[in-house]
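Engineer: Here you go, one structure.
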Number of protein chains: 4
Amino acid sequence: MRPARLEAFADGVFAIAATLLILNVDAQVTDGNLGDNLLHIWPSYLAYAVSFVTIGIMWINHHTVMSQLGKVDRRFLVATVGLLMCIAFVPFPTRLVAENIRGDNAEPAALAYGFTMVATAIMFNITWFYASRGKRLLRPDADPAVVSGLNRAYLPGPWIYLAATLIAFASPVASVIVFLALALFYVVESSVLGSNSPAA
Amino acid sequence: MRPARLEAFADGVFAIAATLLILNVDAQVTDGNLGDNLLHIWPSYLAYAVSFVTIGIMWINHHTVMSQLGKVDRRFLVATVGLLMCIAFVPFPTRLVAENIRGDNAEPAALAYGFTMVATAIMFNITWFYASRGKRLLRPDADPAVVSGLNRAYLPGPWIYLAATLIAFASPVASVIVFLALALFYVVESSVLGSNSPAA
Amino acid sequence: MRPARLEAFADGVFAIAATLLILNVDAQVTDGNLGDNLLHIWPSYLAYAVSFVTIGIMWINHHTVMSQLGKVDRRFLVATVGLLMCIAFVPFPTRLVAENIRGDNAEPAALAYGFTMVATAIMFNITWFYASRGKRLLRPDADPAVVSGLNRAYLPGPWIYLAATLIAFASPVASVIVFLALALFYVVESSVLGSNSPAA
Amino acid sequence: MRPARLEAFADGVFAIAATLLILNVDAQVTDGNLGDNLLHIWPSYLAYAVSFVTIGIMWINHHTVMSQLGKVDRRFLVATVGLLMCIAFVPFPTRLVAENIRGDNAEPAALAYGFTMVATAIMFNITWFYASRGKRLLRPDADPAVVSGLNRAYLPGPWIYLAATLIAFASPVASVIVFLALALFYVVESSVLGSNSPAA
């Protein structure tokens, strides 16, 4: 299989997972005064924006990885299916956070979101290091700067997300704010600084 | 990343956002006499048609933009994610308008729809002018007529949509009718006149 | 825009509309004895199969049309958006038929399904004849046999579907059986006879 | 139609069917203590993972088949539509199993899942043997080892799944565990052993 084929499938999952996020906002509208209701559900808009941008940044990073590959094998395909399984899961904890961050259930919601991000970061590491270890699947002309940039950027990912997740035991709101800040950081880093480092 | 890769992802979001619109019609069917019910929910059909065509026209315009680009960079990717975030949001206010335009909640519904369109038009401007300013991402052989056509067409977009939105404070129905007329205008302009000017 | 770009977007809408059909089956499951429930909702399985195959055949036909085109223009794009709007609408009346064909609301459900098929057939005619009239968008080497086959096959489509729809005023069940037979005919004709004539 | 066109459409259905699985998890969350709730619905996570991986492995296998084809005809297209119809159906029995495996309705849920897998395996056989019988659609340079590997792997599929399904009459839980073990086997076989044999 050429990497391009795999990318087409992965792009589909990224695009669908991002677009399905709107259903979470939709489900929050209740009967009664619509104006009040639309203002009251502001965490849903924020959750929508953060998750959409997070999935978008992950999509950009996934492309950066794929651009360095010259071939894929079945193990890499299976690992990618596992990665996509994590990404397609994101809309679920996103909804939990949006609906519960202001109530008694804030802690389990924040933990669900955090552990999903940790699992996603681990799968990003597995796919990347399986492909790059010993240049197993790299293109002969892979860019050493991009490769070492990905190495440096991916390794701390799970630990950073784990730390952000554990904060939820002390304060779910603080944990969510850290995830917000991380998403904002990746957007600024990608768009303002324009570097090649990945975001998940 | 080649522009074609970005287009594949964007096409996915456009196609999914448009196809999900039918779920809004679905949710309107209630128990009781189905014939009466199907006639009563006519605003849902109209909202479905207007939003589907609007997303379709935006997809055509997005292609017009992409056809003039020779490359994309990470800032452009992030801006495009922001644009797609607005487009994937459209089914939500569409449903609000369809369900509430005949009741007490018409004003917030029309405002939600209008501000979504304003935000989308702003993101279209950001992506286009980022790419075209100083010919940053344009193809060497970009068509000057298309480029200046896009310049002329995009700039007034947010202001036109803002004006249409503000009408909702006086009359939500009038605001929705203006948005309807704008969609109809873009269809006629694209299909009958066949010009190259964009629609959002 | 090259026809291939348009096909990628259209393929997305076809694939999503078909895959969303399963949500209609899902919505039919109620509490209580699941075994009885799963047998009771057999019209939903039949509706799923018929609509999935119908959308699949339409997708094949759409490809047949596109394979004869050498270019597309904006009017053709807008017409295709209209066609896709009809196809993405199909899951809605499909659900109505599945849920109501055995009850008092069979007639409006069958009419909704029928008129959706009529509208789809009309849009297929509009896109095809706009493209083929005077060879406007045809490839220089378009296959005359395929072109005249499409001409012969598309023209009667709306009338056949209209006749099948009007039967619903006398007997909704008979109307649905005719649509079932038409779908079966197109499958047999495509798969057993292997001809090139289109199905919608 | 070139095989690549068909793959694009099939990829869309695979990607959407897999991504829609998260809606099943979503629907399981109820009011009350979210922490308890999230622990209680663990079968939904397992069902999500098993079905996502199963669809992913099927996607890999489908690519293996397509990689050996040099052309497709209308009968093959119709057969593929039938195959995709089975794959897009998978989210439905997955949800039934996740929601009912611990209650009185475990048997019909397990049977629904099992028969869906049997039907999918049969459609995989039909598409593959139609294409490979007498090398009807094979590329001139199709790999004989891959072809005979697909022959050996596909034929027993329906019988293995049928046996796993029939176990549900004695013990639905045992049947589901067998399906779990089969999915795990295919993942291990694909990723650890890295062979070319298909999984559905």
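The values are calculated or read from the model by the stated rules, or taken from the named source; none is laboratory data. Given the structure is predicted, the values throughout are model-derived calculations rather than measurements. Glycine also receives a Cβ, built like all others from the backbone with ideal geometry; neighbour counts cover every protein chain displayed. When the accessible area is computed, the model is the full protein with side chains, heavy atoms only, and any ligands, DNA or RNA have been set aside. Shrake-Rupley method; radii C 1.70, N 1.55, O 1.52, S 1.80 Å.
Engineer: Within the stretch D:1-18, work out how many residues are modelled with pLDDT under 90 and facing chain C (nearest Cβ under 8 Å). First the steps, then the outcome.
Structural biologist: At the first step, the residues of the stretch D:1-18 found to be modelled with pLDDT under 90 are D:1-9.
Then drop every residue that is not facing chain C (nearest Cβ under 8 Å), which leaves D:1, D:5, D:8-9.
Matching residues across the stretch D:1-18 total 4.
Engineer: Would you check which residues across the stretch B:149-159 are among the hydrophobic types (A, V, I, L, M, F, W, C) and open to solvent by less than 70 Å² (accessible area, probe 1.4 Å) and list them? Give the derivation first.
Structural biologist: Step one: of the stretch B:149-159, the residues among the hydrophobic types (A, V, I, L, M, F, W, C) are B:150, B:153, B:155, B:159.
Matches in the stretch B:149-159: B:Leu150, B:Ala153.
Engineer: Can you confirm whether the stretch A:30-47 contains a residue that is surrounded by 23 or more Cβ atoms within 10 Å (Cβ to Cβ), within 14 Å of the chain's Cα centre (by Cα) and touching a residue at least 60 places away in the same chain (Cβ under 8 Å)? Spell out how you get there, then give the answer.
Structural biologist: As a first pass, look at the stretch A:30-47 and keep what is surrounded by 23 or more Cβ atoms within 10 Å (Cβ to Cβ): A:44, A:47.
Then drop every residue that is not within 14 Å of the chain's Cα centre (by Cα), which leaves A:47.
Then drop every residue that is not touching a residue at least 60 places away in the same chain (Cβ under 8 Å), which leaves none.
Scanning the stretch A:30-47 turns up no residue that is surrounded by 23 or more Cβ atoms within 10 Å (Cβ to Cβ), within 14 Å of the chain's Cα centre (by Cα) and touching a residue at least 60 places away in the same chain (Cβ under 8 Å).
Engineer: Can I ask one more? Answer with yes or no whether C:Ile177 is surrounded by 18 or more Cβ atoms within 10 Å (Cβ to Cβ), farther than 29 Å from C:Gly12 by Cβ and more than 14 Å from chain B (Cβ to nearest Cβ). Spell out the reasoning first.
Structural biologist: On the way: surrounded by 18 or more Cβ atoms within 10 Å (Cβ to Cβ): no; farther than 29 Å from C:Gly12 by Cβ: yes; more than 14 Å from chain B (Cβ to nearest Cβ): yes.
Judged against the criteria, C:Ile177 is not a match.
Engineer: Among the residues of the stretch B:111-152, which ones are touching a Pro at 6+ places or on another chain (Cβ under 7 Å) and without any contact (Cβ under 8 Å) to a residue 60 or more places away in the chain? Break it down stepwise before answering.
Structural biologist: Taking the stretch B:111-152 and keeping what is touching a Pro at 6+ places or on another chain (Cβ under 7 Å), we get B:112-113, B:116, B:118, B:121-122, B:125, B:150.
Answer for the stretch B:111-152, where residues must be touching a Pro at 6+ places or on another chain (Cβ under 7 Å) and without any contact (Cβ under 8 Å) to a residue 60 or more places away in the chain: B:Ala112, B:Thr116, B:Val118, B:Ile122, B:Asn125.
Engineer: Then there is this: Considering each of D:Val147, D:Val118, D:Val178, D:Val173 in turn, give the residue that is farther than 23 Å from C:Ile41 by Cα, in contact with a Ser or Thr (Cβ under 7 Å, 6 or more places away or on another chain) and aliphatic (A, V, I, L, M).
Structural biologist: Values: D:Val118 fails: farther than 23 Å from C:Ile41 by Cα; D:Val178 fails: in contact with a Ser or Thr (Cβ under 7 Å, 6 or more places away or on another chain); D:Val173 fails: in contact with a Ser or Thr (Cβ under 7 Å, 6 or more places away or on another chain).
D:Val147 is the lone residue from the list that is farther than 23 Å from C:Ile41 by Cα, in contact with a Ser or Thr (Cβ under 7 Å, 6 or more places away or on another chain) and aliphatic (A, V, I, L, M).
Engineer: Right, something else. Within the stretch C:54-148, which helices (runs of 4 or more DSSP H) (wholly inside it) include 1 or more residues that are more than 13 Å from every other protein chain (Cβ to nearest Cβ) and surrounded by fewer than 18 Cβ atoms within 10 Å (Cβ to Cβ)? Steps first, please.
Structural biologist: Working: elements: C:74-89, C:91-100, C:106-132.
In the stretch C:54-148, the matching helices (runs of 4 or more DSSP H) lie at C:106-132.
Engineer: Just to be sure before I move on: is C:Ala27 in contact (Cβ under 8 Å) with a residue 12 or more places away in the chain, loosely packed, with under 15 Cβ neighbours inside 10 Å and more than 30 Å from C:Ala142 (Cα to Cα) in the structure I sent? So that I can check it myself, show each step before the final result.
Structural biologist: Numbers: in contact (Cβ under 8 Å) with a residue 12 or more places away in the chain: yes; loosely packed, with under 15 Cβ neighbours inside 10 Å: yes; more than 30 Å from C:Ala142 (Cα to Cα): yes.
Against the criterion (in contact (Cβ under 8 Å) with a residue 12 or more places away in the chain, loosely packed, with under 15 Cβ neighbours inside 10 Å and more than 30 Å from C:Ala142 (Cα to Cα)), C:Ala27 qualifies.
Engineer: What are the residues in the stretch B:69-79 that are under 20 Å from B:Ile122 (Cβ atoms) and either free of Cβ contacts under 8 Å to residues at least 40 places away in the same chain or touching a Ser or Thr at 6+ places or on another chain (Cβ under 6 Å) (or both), if any?
Structural biologist: Within the stretch B:69-79, B:Arg75, B:Val78, B:Ala79 qualify.
Engineer: Quick test for you: out of D:Leu21, D:Leu39, pick the one residue that is under 23 Å from A:Ile55 (Cβ atoms), modelled with pLDDT of 90 or more and not basic (Lys, Arg).
Structural biologist: Details: D:Leu39 fails: under 23 Å from A:Ile55 (Cβ atoms).
Just one listed residue meets the conditions, D:Leu21.
Engineer: Being more than 28 Å from C:Phe14 (Cα to Cα) and either in a helix (DSSP H, G or I) or within 13 Å of chain C (Cβ to nearest Cβ) (or both) is the requirement here; does D:Ser44 meet it?
Structural biologist: Values: more than 28 Å from C:Phe14 (Cα to Cα): yes; either in a helix (DSSP H, G or I) or within 13 Å of chain C (Cβ to nearest Cβ) (or both): yes.
It is true that D:Ser44 is more than 28 Å from C:Phe14 (Cα to Cα) and either in a helix (DSSP H, G or I) or within 13 Å of chain C (Cβ to nearest Cβ) (or both).
Engineer: When the stretch C:1-52 is examined, which residues are found to be among the acidic types (Asp, Glu) and within 19 Å of D:Tyr113 (Cα to Cα)? Before you say what the answer is, go through the steps one by one.
Structural biologist: Of the residues in the stretch C:1-52, the ones among the acidic types (Asp, Glu) are C:7, C:11, C:26, C:31, C:36.
Selection gives C:Asp26, C:Asp31, C:Asp36.
Engineer: Further question on the same structure: Going by the structure shown, is C:Asn24 over 20 Å from the mean Cα position of the chain (by Cα), assigned to a helix (DSSP H, G or I) and more than 30 Å from B:Glu7 (Cβ to Cβ)? Before you say what the answer is, go through the steps one by one.
Structural biologist: Numbers: over 20 Å from the mean Cα position of the chain (by Cα): no; assigned to a helix (DSSP H, G or I): yes; more than 30 Å from B:Glu7 (Cβ to Cβ): yes.
For C:Asn24, the condition - over 20 Å from the mean Cα position of the chain (by Cα), assigned to a helix (DSSP H, G or I) and more than 30 Å from B:Glu7 (Cβ to Cβ) - is not met.
Engineer: Additional query: Can you tell me which condition C:Gly70 does not meet? The list is (1) in contact with a strand residue (DSSP E or B) (Cβ under 9 Å, 6 or more places away or on another chain); (2) within 17 Å of B:Ile22 (Cβ to Cβ), and all the others hold.
Structural biologist: Evaluating C:Gly70 over (1) in contact with a strand residue (DSSP E or B) (Cβ under 9 Å, 6 or more places away or on another chain); (2) within 17 Å of B:Ile22 (Cβ to Cβ) leaves (2) as the failure.
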